[in-house]
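Peer 1: Okay, handing you the structure first.
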Amino acid sequence: MNRCLHSWAEIIFGLNALNGKRIRSDGSIVGASDSSNGEAFIHYIVEKGYNIYGWELGNELSGGEVGTRVAPDQYASNTIVLHNKVLEIYKDVANKPIVLAPGRFFDVNWFTDFLHRTNNAVDFLT
């Protein structure tokens, strides 16, 4: 990891958006996220002094693309938690990473709802 993080590459880490959640038989995801593992990883990166470009929450979990889906309100809530954790953990670091979400195929209704709920907690959409 040292070689990668100290290269010219811009590194974005994806964090598990499903930790602590339950997947229903219809593919919908419910329950509160447990962000402790992601938070510990972010702390580790900062403590090591690694400069990364961004943190992305989840991957293709906001629609039916992979058989599971997180509702826009849940995804927005989890994104806000990530955004606040990044601000808190990086408060004394000059180069703060961006927050990306949700890593999905475009659906205008889903994205509109998601963006209205994030309160500017996401820097880039993926």
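Peer 1: Lys/Arg Cβ at +1, Asp/Glu Cβ at -1, dipole of the chain taken about the Cα centre: which of 46, 14, 122 is farthest positive-ward?
Peer 2: 46
Peer 1: Would you mind telling me the antiparallel percentage of the DSSP bridges in the chain, rounded to 5?
Peer 2: If I count the DSSP bridges inside the chain, around 15 percent turn out antiparallel.
Peer 1: Just one of (i) -0.31, -0.38, -0.60, -1.12; (ii) -0.33, -0.40, -0.67, -1.34; (iii) -0.28, -0.34, -0.57, -1.28 is log10 I(q)/I(0) by the Debye sum over Cα atoms at q = 0.10, 0.11, 0.14, 0.20 Å⁻¹ calculated from these coordinates, so which is it?
Peer 2: The value computed from this structure is option (i).
Peer 1: Let me ask another. Please give the peptides 44-53, 23-32, 98-107 ranked by average Cβ packing (other Cβ atoms within 10 Å per residue), highest first, as a rough proxy for protection.
Peer 2: Peptide ranking by packing, descending: 98-107, 44-53, 23-32.
Peer 1: Mean separation of Cα pairs under 8 Å and 6+ residues apart, divided by the residue count of the chain: what relative contact order is that in percent? Can you show the working numbers first?
Peer 2: On the way: 196 pairs, mean separation 32.8, N = 126.
Dividing the mean separation by the residue count of the chain yields 26 percent.
Peer 1: Given the peptides 84-94, 69-79, arrange them by the average over their residues of other C-beta atoms within 10 Å, most packed first.
Peer 2: Highest to lowest by the protection proxy: 69-79, 84-94.
Where a number appears in this text, it was derived from the coordinates with a stated rule and is not lab data. All values derive from a computational prediction rather than experimental measurement. With ideal geometry, Cβ positions are generated from the backbone for all residues, glycine too; neighbour counts draw on all protein chains shown.
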